[in-house]
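**Student:** The structure follows.
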Amino acid sequence: METKKAIISVKDLVKKYDDFVAVQGLSFEVYEHEIFGLLGPNGAGKTTTLEIIETLRDKTSGEIIVDGFSVDKNPQQIKQIIGVQLQAAGYYPNLNLIELIELFAGLYGANIKPMEMLEKVNLQDKAKAKYKALSGGQKQRFSIATTLINQPKIIFLDEPTTGLDPQARRNLWDLITEIRDAGTTVVITTHYMDEAEQLCDRVAFVERGQIIALDTPDNLIDQLVSSGFERKKEVKKANLEDVFINLTGQEWRE
Amino acid sequence: MQKDIHEKNLNSPSKVGGYSNTKATLALAKASFRSIMRSPSAVVFTLAFPLIFILVFGFLGGGGTRIDVGVTPGSDINNPVMGMLEKTGMIRLVKDKSKAEFDKLLEKGNVDAMIDIHRKINSAAYSVNVVYTSASRDKGGILKSVLNNIFYDKTLKPTVAEIKESTITGREYKTIDFILPGQLGFSLLSTGVFGTAFVFLSLRQTLVIKRFFATPVRRSSIVIGEGIARIGFALIGALFIILIGHFFFGFTLVHGALTVVNMLILATLGVIVFMGFGFIISGIAKSESMVPPISNIITLPQFLLSGTFFSIEAFPGWLQPISRALPLTYLNDAMRKVAFEGLGLWDVKFQIMILLLWGICIYAVAVKVFKWE
Ligand SMILES: Nc1ncnc2c1ncn2[C@@H]1O[C@H](COP(=O)(O)OP(=O)(O)OP(=O)(O)O)[C@@H](O)[C@H]1O
Ligand SMILES: [Mg+2]
């Protein structure tokens, strides 16, 4: 990272659901133009943390600043500069993709050509299809397209690659990298460590609502190796995923 | 592709403050309207059902003949003719109204004829004076033959000296003039209640609203946008029903286009009030399968008791206060008065006021029980 200016800063974030403490004093910063990964087991508090930053949930305590705006005082301004893909979200029923993009353009007050948005995620052929009729991977790509409509400074992707086949995943990585290279900061959660290793500039490991490690994937691996860790078995030159990719090709699947 | 994203980012700095709520509201209204037009159930409820009923009743005609005969004030009541008329079971004698009231009713065909019976001077026989109305020719005709039968009845013959008949001209009040406003009212009720309840419940449950909340759109824009779409759809439906009724079944529009406009204004008010029920239901229903039963609790009684099919005056006395408490009763009433009697909106201000009152109560509850998440 050439610049290390924090665009998101989270300080002592706590979230309680009744008695249950889902997030217990998280603090971290996301730098401009990086892909930042939140990793951790199910129920660790990743989605909760993201949705609080996205102004969709109230926090119990703590301080969050997004591009200079506080989530308490300026949620409206924050919404205008972020793009959000929710872990589970639906889209307006009975509308095709073009119409959905038009709707979001109106909601964001953005002037865009719907077809161009679909081209970015390679869904131009599905322009007239309903969201419900898309495959899992196409749905994820469409969701990402909707996050780009307001040309946001930051996009949040909550498990965008869950349920995708290996090459769809790889193609999505390319898309996300392109988005980052175009100047957008990306915050992403995933359960795939290979993905985090390839994609993320820095990752934070969250467990039971607390950050237990935060660094670049390289540094984290080096630390582990220097502590004397060794893989049990010598790895072959290729694995089954390589076989899959090799057999089925690299293109987007429709 | 990469370059593309770059350019976009450069020439559009996030325009804080330049955000337009109107634009967002209209975008939602447009999306919602498209969605409604493609939803088969909305189209069926709003258009097909009312049209089928109109068709059925339009062709059936009267359905269950009952003839309302007004008894002219001052007429002799304790005479055998009256008794015979009542015994036929077909004829309902309407008493206790003033001459002026009767004249109005007769002209509209709300009573089918007037009867006036007097003992002839210096005679034991009665003179029967009947006035028919051109507003209700068929029923007048039936009454005529009933009277003739009675006249030739052996036991009566000596006591009835003569029947004098005449006909006044009134506006012809057809079955469609009664049925159509009722169907229209019910169509507005079902679109307002079912449509609104389903949409908001499903938008909430499928997290569409949550995704909306990640955009700068205001909650009021979401509600207003949905409202505009729903009202627009309901009005198109209403216009369609009115026009089909007018051109195919001879539905009376006293002042033509002006009457249509007045009816549409009433329809707008009605659908806004009824949408309130929908907001309430979307708040209390736990799942989509709970929407129809709860909605039916609200719509069915009004369907049956608000004068959709029968004039509420035909209901037993104990039911009438219930009928008169329901909002649809007043919408139907106002619609009929505007369409057939040619009254203006100011003339139905009482009905409008009751609807507004209902609206205030419904929305007061809706604000309390409506859920966003
Ligand atoms: N609305 C809620 N009410 C009560 N508890 C909740 C709510 N949302 C989340 N939780 C709890 O908070 C904890 C963190 O949930 P969260 O969704 O943030 O986990 P996550 O890290 O995103 O998990 P996953 O990897 O499975 O998506 C979980 O134990 C969950 O049960
Ligand atoms: Mg999650």
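Bear in mind that the values in this text are calculations on the coordinates, not laboratory data. Everything quoted here is computed from the prediction, not taken from an experiment. So basically every Cβ, Gly included, is an ideal-geometry build from the backbone, and we count neighbours across all protein chains shown.
**Student:** Beyond 32 Å, how much of the Cα-Cα pair distribution for the protein assembly as shown remains, as a whole percent?
**Tutor:** Working: 119922 of 196251 pairs.
Cα-Cα pairs in the protein assembly as shown separated by more than 32 Å: 61 percent.
**Student:** On to the next question. Of all the C-alpha pairs in the range B:181-326, what % are more than 18 Å from each other?
**Tutor:** Working: 6665 of 10585 pairs.
Result: 63 percent of Cα pairs exceed 18 Å.
**Student:** Which distance in nm do the two modelled labels at B:R137 and A:L247 give, with both placed 7 Å along the Cα-to-Cβ direction?
**Tutor:** 8.4
**Student:** If I histogram all Cα-Cα distances within the range B:255-352 using bins 10 Å wide from 0, what percent of pairs lands in each bin?
**Tutor:** Per 10 Å bin, starting at zero, the Cα-Cα P(r) for the range B:255-352 comes out as 15, 39, 32, 13, 1 percent.
**Student:** Moving to a separate point now. Choose one of B:F33, B:Q183, A:N96: the residue whose Cα lies farthest towards the positive end of the charge dipole of the protein assembly as shown (beta-carbon charges +1 Lys, Arg; -1 Asp, Glu; about the Cα centre).
**Tutor:** Towards the positive end, the residue furthest out is B:Q183.
**Student:** About its Cα centre, what dipole magnitude does the range B:67-168 give when the only charges are +1 on Lys and Arg Cβ and -1 on Asp and Glu Cβ, stated in debye to the nearest 20? Display every interim value, and only then the final one.
**Tutor:** On the way: 15 positive and 13 negative charges, 31 e Å.
Dipole of the range B:67-168, to the nearest 20 debye: 160 debye.
**Student:** So for the protein assembly as shown, taking the charge dipole from beta-carbon charges (+1 Lys/Arg, -1 Asp/Glu), which of A:G136, A:L199, A:I211 sits furthest toward the positive end?
**Tutor:** A:G136
**Student:** For the protein assembly as shown, give the magnitude of the charge dipole about the Cα centre (Cβ charges: +1 Lys/Arg, -1 Asp/Glu; no others), in debye to the nearest 20.
**Tutor:** On the way: 68 positive and 62 negative charges, 415 e Å.
Taking the Cα centre of the protein assembly as shown as origin, the dipole is about 2000 debye.
**Student:** Rg to Rh for the range A:6-150: what is it, with Cα atoms only and Rh by Kirkwood? Show your work: numbers first, answer last.
**Tutor:** Working: Rg = 16.9 Å, Rh = 16.7 Å.
With Rh from the inverse mean 1/r over Cα pairs, Rg/Rh is 1.01.
**Student:** Quick one: grab Rg to one decimal and Dmax as a whole number for the range A:11-76, Cα atoms only, in Å.
**Tutor:** 11.9, 37
**Student:** Taking H placed 1.01 Å from N in the peptide plane, check which residues at least 5 places from A:V84 or on another chain put their amide H under 5 Å from its amide H.
**Tutor:** Hits under the 5 Å cutoff: A:F156.
**Student:** OK, next. Can you give the FRET efficiency to the nearest 0.05 for B:W318 and B:E288, using r as the Cβ-Cβ distance and R₀ = 60 Å? Write down the numbers at each step before the final one.
**Tutor:** On the way: r = 37 Å, r/R0 = 0.61.
Rounded to the nearest 0.05, the efficiency is 0.95.
**Student:** From largest to smallest, what semi-axes in whole angstrom does the range B:98-151 give when each is the square root of 5 times an eigenvalue of its alpha carbon gyration tensor? Kindly include the intermediate steps, with their values, before the conclusion.
**Tutor:** Numbers: eigenvalues 105, 50, 6 Å².
That gives 23, 16, 5 Å for the three semi-axes.
**Student:** What FRET efficiency comes out for B:F151 versus B:L300 if R0 is 56 angstrom and r is the Cβ-Cβ distance? Round to the nearest 0.05. If you can, show how the numbers build up before the last one.
**Tutor:** Values: r = 46 Å, r/R0 = 0.82.
That pair, B:F151 with B:L300, gives E of 0.75.
**Student:** For chain A, state the semi-axes of the equivalent ellipsoid (square roots of 5 times the eigenvalues of the alpha-carbon gyration tensor), sorted largest first and rounded to whole angstrom. Mind dumping the intermediate values first?
**Tutor:** Values: eigenvalues 162, 141, 52 Å².
The equivalent ellipsoid of chain A has semi-axes of 28, 27, 16 Å.
**Student:** Then there is this: Of all the Cα-Cα pairs you can form in the range B:164-264, what percent are over 15 Å apart?
**Tutor:** On the way: 3603 of 5050 pairs.
In whole percent, the long-distance tail amounts to 71.
**Student:** To continue, here is another question. Treat each spin label as a single point 7 Å out from the Cα along the C-beta direction, and report the B:E373 to B:T22 distance in nm.
**Tutor:** The two pseudo-label positions are separated by 3.2 nm.
**Student:** Cα-Cα over 20 Å: which of A:K5/A:K153; A:K120/B:K210; B:K144/B:K164; B:K99/B:K349; A:K59/A:K79; A:K132/B:K210? List each step's numbers first, then the result.
**Tutor:** On the way: A:K5/A:K153 13 Å; A:K120/B:K210 24 Å; B:K144/B:K164 11 Å; B:K99/B:K349 26 Å; A:K59/A:K79 16 Å; A:K132/B:K210 18 Å.
Correct reply: A:K120/B:K210; B:K99/B:K349.
**Student:** Right, another one. Amide H to amide H under 5 Å from A:Y31: which residues, 5+ apart in sequence or cross-chain, H placed 1.01 Å off N in plane?
**Tutor:** A:I7
**Student:** To the nearest 20 debye, what charge dipole does the range B:242-355 have about its Cα centre, counting +1 at the Cβ of each Lys and Arg and -1 at the Cβ of each Asp and Glu? Could you put the intermediate results ahead of the total?
**Tutor:** Details: 5 positive and 5 negative charges, 24 e Å.
Here the range B:242-355 has a charge dipole of around 120 debye.
**Student:** Can you list the lysines whose alpha carbon is less than 19 Å from that of A:K126, not counting same-chain residues fewer than 8 positions off?
**Tutor:** Excluding near neighbours in sequence, the set is A:K113, A:K139.
**Student:** Give me the compactness ratio for chain B, meaning the Cα radius of gyration over 2.2 N^0.38 Å.
**Tutor:** The reported ratio for this selection is 1.31.
**Student:** Same structure again: Can you find, among B:I241, B:I142, B:I360, the residue farthest towards the positive end of the dipole of chain B? Put +1 on the C-beta of Lys and Arg, -1 on that of Asp and Glu.
**Tutor:** B:I360
**Student:** Quickly work out the A:D12-to-A:Q124 label distance, labels modelled 7 Å from Cα along the C-beta direction, and quote it in nm with one decimal.
**Tutor:** It works out to 5.3 nm between the two label points.
**Student:** Can I ask one more? Can you compute the equivalent ellipsoid semi-axes for the range B:67-168, i.e. the square root of 5 times each eigenvalue of the Cα gyration tensor, sorted largest first and rounded to whole Å? If you can, show how the numbers build up before the last one.
**Tutor:** Numbers: eigenvalues 91, 45, 27 Å².
The three semi-axes for the range B:67-168 are 21, 15, 12 Å.
**Student:** Helix B:49-60 versus the longest principal axis of chain B: what angle, 0 to 90°, nearest 10, using Cα atoms?
**Tutor:** Taking Cα atoms only, the helix is inclined about 20 degrees.
**Student:** Could you list the trypsin sites (Lys or Arg not before Pro) in the range B:229-326 that lie in coil according to DSSP, counting only those with at most 16 other Cβ atoms within 10 Å of their Cβ? Let's see the in-between values first.
**Tutor:** Details: sites: B:R230, B:K286, B:R324; in loops: B:K286, B:R324.
Filter output for the range B:229-326: B:K286, B:R324.
**Student:** Check which residues have an amide H placed less than 5 Å from B:E165's amide H, if you skip close sequence neighbours.
**Tutor:** The list, which skips near neighbours in sequence, is B:V130.
**Student:** A further question on this structure: Give the calculated FRET efficiency between B:V43 and B:Q205 to the nearest 0.05, with a Förster radius of 22 Å applied to their Cβ-Cβ distance.
**Tutor:** Details: r = 23 Å, r/R0 = 1.03.
Approximately 0.45, to the nearest 0.05.
**Student:** With runs of 4+ DSSP H residues as the only contributors, calculate the mean residue ellipticity of chain B at 222 nm using -39,500 (n - 2.57) per run, divided by the residue total and rounded to the nearest 500. Before the final figure, lay out each step's value.
**Tutor:** Details: 16 runs with 220 residues, N = 373.
Helices in chain B give a 222 nm mean residue ellipticity of -19000 deg cm²/dmol.
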